[in-house]
Amino acid sequence: MSTKGKVTGIVSNLVTVAVDGPVAENELCYISVGSEKLLAEVIKIAGDKASVQVFESTRGLKNGNDVEFLGKMLEVTLGPGLLSGIYDGLQNNLRTMAGVFLKRGEYTDPLDREARWAFTPLAQPGDRVVAADWLGEVKEGWLPHKIMVPFSFRGEYTVKSVVPEGEYTVDQTVAVLTDADGEDVPVTMTQRWPVKVAVKAYKEKPRPAKIMETGVRCIDTFNPIAEGGTGFIPGPFGCGKTVLQHAIAKQGDADVIVMAACGERANEVVEIFTEFPELVDPHTGRKLMERTTIICNTSNMPVAAREASVYTAMTICEYYRSMGLKCLLLADSTSRWAQALREMSNRMEELPGQDAFPVDLSAIISSFYARAGMVVLNNGQTGAVTFIGTVSPAGGNLKEPVTESTKKAARCFYALEQNRADQKRYPAVNPIDSYSKYLEYPEICEYLDSTIQPGWTDKVLRAKNYVRRGREMADQINILGDDGVPMSYHEAFWKSELIDFAFLQQDAFDAVDALCPLERQKFMLDLILELCDRPFEFENFDECRVFFKDLINTLRQMNYTRFQSPEFNEYEQQLRKHLA
């Protein structure tokens, strides 16, 4: 029999329940409010009292309301049909709901139970299989969607039978497995998995060995992120965090994109809903939405639902990673996820940490980021989850707890700067403060040197040094004036401006410049470093400024033309003539 309980206290979405039996942390329960049943999750147990956070509005809830515990954690349904879907943190399908908002206590099915999928068997009777092994395949859009042994299965099983090739619904049995005790277990195309438990159905999890190409120069060249790596984008409001994430989503070298809008403003979420279905995937020429799933919880939704959204998104990514696919998870913003954790922690009167965030905030963020990574599957193939989150520090303070805690967990740091955004230098990533720890990995350095050109990492360091030295010279010129410094200071400053304007800045809305392949990045950086390495002799700083402005204009025009086109070659010839 399931455990029952009665409501004894209510503080907003935090409800105290007196229970009459055993309950577990993170267990789900239903709270009855008239004819409605509100879903809630146990977050704390003290004796015969359980504190539960409700995923809905608690208006009308009273002491004495009945509570029924379900004996399971918050789970997501995994199966064909997730791509192109728009869900909330509880995986309610927002496309099939009636009206603009879900009614309280109303839950929708994430999958289409009537749709039929063309199934192709991959396993044979007599095969020995374990959790996450592939039994068959269906086509989800243009991607191969593997039907797997459910992640919850433990031990080895024998395939007793697999249905022949044909069309089936997600609820029909497609295979029968026999366990070690000789019992037959039917398997359908769907399975369920708790969102707060990492999927560990793989052979090993090695260190990343290649970069994920994003098409954004300030990332791919200066601070690359690894395939299966982690990164985050902190910055003040209005600095372009969301636009940069959208550019990465559109251009990133990934098979599956999952966007988690956690606590975002409704206008930004509506923008995602309206723009993503219209975007064309530059890699395939098809609609980007065909390989995208959106998990959305706006800032006006209850705290618990906002917290659940990032876990739901990560679980879906782990599911597709087990199919041997490259997944990209973009969370906007993890600050609001942390704020949801703070609200619940404060309501439970826990000991507060810095800025009233939970004391274990750093551990929660680290354990979540650890779920990303590249894995080797049981059949030897690889899959990856690359995770990039945004952080919205109050007032742009990068020393606040969420940014500092995320810095410990993420390997890439893309600091957006208010001053660069005010000068319209987009993407407003600070080239000095940002970093990628993957450039310290020997595997990544070898990959870059073999894929792009030998000595590539050394060239990147030279470019960074030019930018850093130019920043120092700019400070000296501002203090002492144009005539108070040697000409070499002006030359160093304008060389850094050349790298900034012609390479680091990129137009996310230009048809050509928005996506910059590595081949083009290599050519442009080689050309710019060739210019920066030249010793110039100028008579005065006005001559220096005019010369470099002409160079910058020519190089920027090259960025807006097709690589290796006649027009591009004309600009290069014009540049060489100017230098001669």
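One table, with the values for the structure above:
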read-out: Relative contact order, percent, the chain [alpha-carbon distance under 8 Å, six or more residues apart]; value: 12
read-out: Contact order relative to length of segment 354-495, as percent, for alpha carbon pairs under 8 angstrom and 6 or more apart; value: 14
read-out: Positive-pole candidate from Phe501, Leu461, Val163, dipole of the chain, charges at beta carbon; value: Val163
read-out: Size of charge dipole - segment 211-289 - debye, nearest 20, with Cβ of Lys, Arg +1 and Asp, Glu -1, no other charges; value: 140
read-out: Convex hull volume of segment 1-93 per residue (C-alpha atoms, cubic angstrom); value: 111
read-out: Rounded FRET efficiency, nearest 0.05, which uses the C-beta distance separating Val130 from Lys522 and R0 of 41 Å; value: 0.40
read-out: Point-charge dipole on Cβ atoms (K/R +1, D/E -1) for segment 414-472, about Cα centre, debye to 20; value: 380
read-out: Intensity falloff of the chain expressed as log10 I(q)/I(0), Debye formula with alpha-carbon point scatterers, at q = 0.08, 0.09 Å⁻¹; value: -0.63, -0.77
read-out: Between 0 and 90°, nearest 10: helix 241-251 axis offset from the chain longest Cα axis; value: 90
read-out: Accessible surface of segment 1-94, 1.4 Å probe, proportion on carbon and sulfur as whole %; value: 48
read-out: Exceeding the 28 Å Cα-Cα cut-off - candidates Lys44/Lys326; Lys210/Lys522; Lys139/Lys326; value: Lys44/Lys326
read-out: Value in Å of the Kirkwood radius, where segment 482-580 supplies the Cα pairs that are averaged; value: 14.3
read-out: Relative frequency of Cα-Cα separations exceeding 12 Å in segment 342-381, percent; value: 66
read-out: Segment Gln574-Lys103, length gained on full extension (0.36 nm per residue, minus Cα span); value: 163.2 nm
read-out: Between segment 395-421 and segment 161-220, the alpha-carbon center distance in angstrom; value: 34
read-out: Lys, Arg +1 and Asp, Glu -1 on Cβ, resulting dipole of the chain about Cα centre, debye, nearest 20; value: 700
read-out: Neighbourhood charge, 12 Å Cβ-Cβ cut-off, centred on Asn65 and excluding it, Lys, Arg +1 and Asp, Glu -1; value: +1
read-out: Nearest-ten-degree value, helix 442-451 long axis tilted from longest Cα axis of the chain; value: 60
read-out: Volume per residue of the C-alpha convex hull in segment 223-263, rounded to whole Å³; value: 99
read-out: Cα gyration tensor, segment 175-267 - rounded (a/c under 1.5), prolate or oblate; value: prolate
read-out: Surface per residue (accessible, 1.4 Å probe) for the chain, Å²; value: 42
read-out: Gain in span if fully extended, Leu70 to Leu279, counting 0.36 nm per residue against the direct Cα distance; value: 71.1 nm
read-out: Any cysteine of the chain lacking a neighbouring Cys Cβ under 4.7 Å - listed by number; value: Cys29, Cys218, Cys239, Cys262, Cys296, Cys412, Cys445, Cys516, Cys532, Cys544
read-out: Cross-link reach list, aspartates and glutamates versus Lys196, counting only Cα pairs under 17 Å and skipping chain neighbours closer than eight places; value: Glu25, Glu27, Glu41, Glu75, Asp88, Glu307, Glu318, Asp360
read-out: Cα long-axis angle, helix 541-559 against the chain (0 to 90 degrees, to the nearest 10); value: 40
read-out: Cut-off of 10 Å, at most 15 other beta carbons, DSSP loop: longest stretch of the chain lacking such GluC sites (Glu not before Pro); value: 351-536
read-out: Cα extents of segment 83-125 along the three principal axes, largest first (Å); value: 47, 16, 16
read-out: Sequence-separation-based contact order of segment 264-405, relative, with Cα cut under 8 Å and 6+ spacing, percent; value: 23
read-out: Segment Ala24-Glu268, length gained on full extension (0.36 nm per residue, minus Cα span); value: 84.1 nm
read-out: For Ile225, distant residues with modelled amide H under 5 Å away; value: Met212
read-out: Subset of Lys72/Lys103; Lys408/Lys464; Lys549/Lys577 violating a 19 Å alpha-carbon distance limit; value: Lys72/Lys103; Lys408/Lys464
read-out: Whole-number D in µm²/s for segment 145-207 (Stokes-Einstein; Kirkwood sum over Cα pairs; 37 °C, 0.692 mPa s); value: 244
read-out: Helix-only CD estimate at 222 nm, as mean residue ellipticity for the chain, using -39500 (n - 2.57) per DSSP H run (n ≥ 4); value: -9500 deg cm²/dmol
read-out: Computed log₁₀ I(q)/I(0) - Debye formula, equal Cα scatterers, no solvent, segment 100-156, q 0.14, 0.16, 0.18 Å⁻¹; value: -0.58, -0.69, -0.78
read-out: Farthest positive-ward along the chain dipole, Cα basis, beta-carbon charges - from Asn397, Ala201, Ala340; value: Ala340
read-out: Interatomic Cα distance distribution for segment 326-437, bins of 5 angstrom, percent; value: 2, 10, 18, 20, 17, 13, 10, 6, 3, 1, 0
read-out: Among Asn430, Phe548, Thr298 the positive-end extreme of the charge dipole of the chain (Cβ point charges); value: Thr298
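The values are calculated or read from the model by the stated rules, or taken from the named source; none is laboratory data. Here the structure is a predicted model, which is why all the values come from computation and not from measurement. So basically every Cβ, Gly included, is an ideal-geometry build from the backbone, and we count neighbours across all protein chains shown. Note: areas computed on protein heavy atoms with side chains; ligands, DNA, RNA excluded. Shrake-Rupley method; radii C 1.70, N 1.55, O 1.52, S 1.80 Å.
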